[in-house]
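Participant: Got a structure here, written out as structure tokens. Questions coming.
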Amino acid sequence: MTAVVTPLLGLLLAGGRSSRMRRDKAALQYRGRTQLEAAYDLLARVTDKAYVSVRADQAADPLRSRYPQIVDQEQHVGPLAGILAAQQRHPEAAWLVLACDLPFLDEASLRHLDAHRDRSGLATAYRSSHDGLPEPLCAVYEPSSGVPLAHYAASGRNCPRKFLIEQSAKLLEPLHAAALDNVNSTTDYWQTMQTLSATDASTRTLRVQYFALLREQAGRSDESLSTSARTPAELYAELTTKYGFTLPHEMLKVAVNAEFGDWNQPLQGGDAVVFIPPVAGG
């Protein structure tokens, strides 16, 4: 009798709202590629087929629409919605579930996870190097986890980490501590880009507007420029060197695409950046 081979499918979770980052984390660029592109290619190399998990309102997004998709059916349950939708689509498969905000993750870590997973259990995950708890968004969920996970969600619970703890999922030690470091905030992004600075020299074209003293010192009210600056702070430092700006950035506000922003938020090609000096007078 021929043994039944369980397919291993990949699910890249890209349905988050990225509220702390102030922009879509899947579109952030590292090493000259968006995080979604890099993570999907990584996942596709170690699975039989990979999909991108999206919300219904993201399905037509130009970045996500280039890939096979699984659309969330549940709302307000976070990443669990993507896992449940994937298991409903292919209940016969094991799912390697991966968050899209892990810029240090490598192929060796995913292959190690697959090679040492517990196929007779419900799931296998890496143990966090920070708190020792399961990392549910770099984990393999076996077909047998489908029913228990659906019951777990039906009971009103939506934390995949607690599910793995309750089910005593097999935990592996990460091959290297930074592999599962994620990027959730502008501070995380800044620290990550500092680490990757030696290999990330990509340039982007931005539109910059100047007001008041900055306009006088730059000799223009706006310009389009090509820069390798990754954040408004880096961009302002570059322009200060270029134009001799005398105002420290602590005295300014910055807006990106018509919204007040964070000095360390990531910049992408096509962004419109405005540096706003303090208003004179009382």
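Participant: If I build a Gaussian network model for the chain, linking alpha-carbon pairs within less than 10 angstrom, which residue out of Glu166, Glu238, Glu107 has the largest mean-square fluctuation?
Facilitator: Glu166
Participant: Is region 125-282 rounded, prolate or oblate when judged by the Cα gyration tensor, a ≥ b ≥ c being the square roots of its eigenvalues, rounded requiring a/c under 1.5 and prolate requiring a/b larger than b/c?
Facilitator: Prolate, since a/c reaches 1.5 and a/b exceeds b/c.
Participant: Let me ask something else about it. Cα to Cα, under 24 Å, and not fewer than 8 places away if on the same chain: which lysines meet these conditions relative to Lys242?
Facilitator: Cross-link targets: Lys253.
Participant: Based only on Cα atoms, what mean projected area does the convex hull of the chain have, in nm²?
Facilitator: For the chain, averaging the hull's shadow over all directions gives 17.8 nm².
Participant: What residue among Ser109, Ser120, Ser168 has the largest mean-square fluctuation in a Gaussian network model of the chain, using Cα springs under 10 Å?
Facilitator: The residue that fluctuates most here is Ser120.
Participant: If you don't mind, there's one more thing I want to ask. So what's the Cα pair-distance distribution over region 41-171, bin width 10 Å, in %?
Facilitator: Once binned at 10 Å, the Cα pair distances of region 41-171 give 12, 45, 36, 7.
Participant: Comparing Cys138, Cys100, Cys159, which has the greatest mean-square fluctuation in the GNM of the chain with Cα pairs linked when under 10 Å apart?
Facilitator: Sorting by GNM fluctuation, first place goes to Cys159.
Participant: Another question, if that's okay. Any lysines with Cα under 20 Å of the Lys162 Cα? List them, leaving off those in the same chain fewer than 8 positions away.
Facilitator: By straight Cα distance, Lys162 reaches Lys170.
Participant: Also, quick follow-up: When the helices in the chain are scored as -39500 (n - 2.57) per DSSP H run of 4 or longer and the sum is shared across all residues, what 222 nm value do you end up with, to the nearest 500 deg cm²/dmol?
Facilitator: -8000 deg cm²/dmol
Participant: May I pose another question? State, as an integer percentage, the relative contact order of the chain based on alpha-carbon contacts under 8 Å between residues 6 or more apart.
Facilitator: Reported relative contact order: 17 percent.
Participant: Which percent, to the nearest 5, of DSSP beta bridges fully inside the chain are antiparallel?
Facilitator: If we restrict to bridges inside the chain, about 55 percent are antiparallel.
Participant: First check a/c for region 204-276, with a ≥ b ≥ c the square roots of the eigenvalues of its C-alpha gyration tensor; if it is under 1.5, answer rounded, and if not, answer prolate when a/b is larger than b/c or oblate otherwise.
Facilitator: It comes out rounded by the Cα gyration axes.
Participant: What is the extension gain from Glu74 to Lys162, computed as 0.36 nm multiplied by their sequence separation minus the C-alpha to C-alpha distance, in nm to one decimal?
Facilitator: Taking Glu74 through Lys162 to full extension adds about 29.8 nm, to one decimal.
Participant: Same structure, new question: Could you grab the relative contact order for region 204-276? Cα pairs under 8 Å, six or more apart, rounded to a whole percent.
Facilitator: 43
Participant: Here is a follow-up. Taking the simple approach of a point 7 Å from Cα along Cα-to-Cβ for both Asn257 and His176, what is their distance in nm?
Facilitator: Label-label distance for Asn257 and His176, simple model: 3.2 nm.
Participant: Using the number of other C-beta atoms within 10 angstrom as an exposure proxy, rank Glu135, Glu259 with the fewest first.
Facilitator: Arranged by neighbour count, lowest to highest, Glu135, Glu259 become Glu259, Glu135.
Values in this text are rule-based calculations from the coordinates and carry no lab data. Since the model is a prediction, treat every value here as computed from it, not as a measurement. A quick note on method: Cβ atoms are made from the backbone with ideal geometry, for glycine too, and the neighbour counts reach across all protein chains shown.
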